[in-house]
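K.L.:
Pasting in a structure now, in structure tokens, and then I'll have a few things to ask.
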Amino acid sequence: PEADITCRQCDDHVTANSVLAAVNGFQSKARITSNTGASWDHIYALVGVPKHSPRKWMILDTTLPGNRFNQQPPFAKHRDFDLDPISR
């Protein structure tokens, strides 16, 4: 079991998804969410499309069960953080 009981491996997923997006030329963001508004409970990646001038941000929450591309769990509040690609 992982020692980080707050994130439960979602922090690993956002790192892997963001790095994979960056090495393929996509810009990415990290979104942290709070289920109740009292604490930050979850994090996942957002990837901008189209590749070179994003106008839309696709959700990559690979911790959700099933094939739920571009869907996110409900939350009380969120904050987005830009993640600089490796090439910048």
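The values are calculated or read from the model by the stated rules, or taken from the named source; none is laboratory data. The shown structure was predicted, so the numbers you read here are calculated from the model rather than taken from an experiment. Methodologically, a virtual Cβ is constructed for each residue, glycine included, from the backbone with ideal geometry; neighbour enumeration extends over all protein chains shown.
K.L.:
With 31, 55 as the choices, which residue is at pLDDT 90 or above, surrounded by fewer than 13 Cβ atoms within 10 Å (Cβ to Cβ) and not small (Gly, Ala, Ser)? So that I can check it myself, show each step before the final result.
P.N.:
Working: 31 fails: surrounded by fewer than 13 Cβ atoms within 10 Å (Cβ to Cβ).
Residue meeting the stated conditions: 55.
K.L.:
So, one more: Here are some residues: 75, 81. Which one is assigned to a loop (DSSP other than H, G, I, E, B) and at pLDDT 85 or above?
P.N.:
The conditions single out 75.
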